[in-house]
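Note sheet for the following structure.
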Amino acid sequence: MTTDTITNLTNYLVQTYHSKNPFELSDELGIFIFSEDLGNLTGYFNQAFDMQMIHLNKNLPHSDSEFICAVSLYYCLTHTTRTIILAPTLPIPTPYTQTNPSILFAQLLLNSTTPLL
């Protein structure tokens, strides 16, 4: 997926749901979010019986949970037929190696009231 395609996806989400918050967007899209003890795993998404779910490690700080939620949201929207497990364990490495989901995260959290280009 190109950066332009991710930007178009982000613009669509923001314009349609009037939010850049990945938790709110997931809720609007009918994606269930679970906060669970995942040990050293930060989180993952899966789809079962046409239900998309994001699983977040309940021991993460809110900012990390927001990041993992946005990354998982990207996968929910672009990889609907398989389970993706996020590779990083705690602590989350910097820079994060999954470029496309990170672009979506960065675009969602821009402090701008105007649409992205």
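Taking into account only those residues within the stretch 11-23 that are closer than 15 Å to PHE67 by Cβ and in a helix (DSSP H, G or I), which is farthest from the chain's Cα centre (by Cα)?
Result: PHE23.
When the residues of the stretch 28-73 are narrowed to those that are within 24 Å of LEU9 (Cβ to Cβ) and among the polar types (S, T, N, Q), which ends up farthest from the chain's Cα centre (by Cα)?
Looking at residues that are within 24 Å of LEU9 (Cβ to Cβ) and among the polar types (S, T, N, Q), I get GLN47.
Where the second residue is at pLDDT below 75 and outside any loop (DSSP other than H, G, I, E, B) and the first is within 18 Å of PHE49 (Cα to Cα) and lies in the stretch 66-84, which pairs have Cβ atoms under 6 Å and are six or more apart or on separate chains?
Note: pairs meeting the criteria are TYR75/ILE84.
Given the criteria surrounded by 12 or more Cβ atoms within 10 Å (Cβ to Cβ) and either modelled with pLDDT under 90 or in contact with a helix residue (DSSP H, G or I) (Cβ under 8 Å, 6 or more places away or on another chain) (or both), does ASP64 qualify?
Yes.
Consider GLY30 against the criteria (1) part of a helix (DSSP H, G or I); (2) surrounded by fewer than 18 Cβ atoms within 10 Å (Cβ to Cβ): it satisfies all of them except one. Which criterion is unmet?
(1)
The values are calculated or read from the model by the stated rules, or taken from the named source; none is laboratory data. This one's a predicted model, so the numbers in the text were calculated from it and none came from an experiment. A quick note on method: Cβ atoms are made from the backbone with ideal geometry, for glycine too, and the neighbour counts reach across all protein chains shown.
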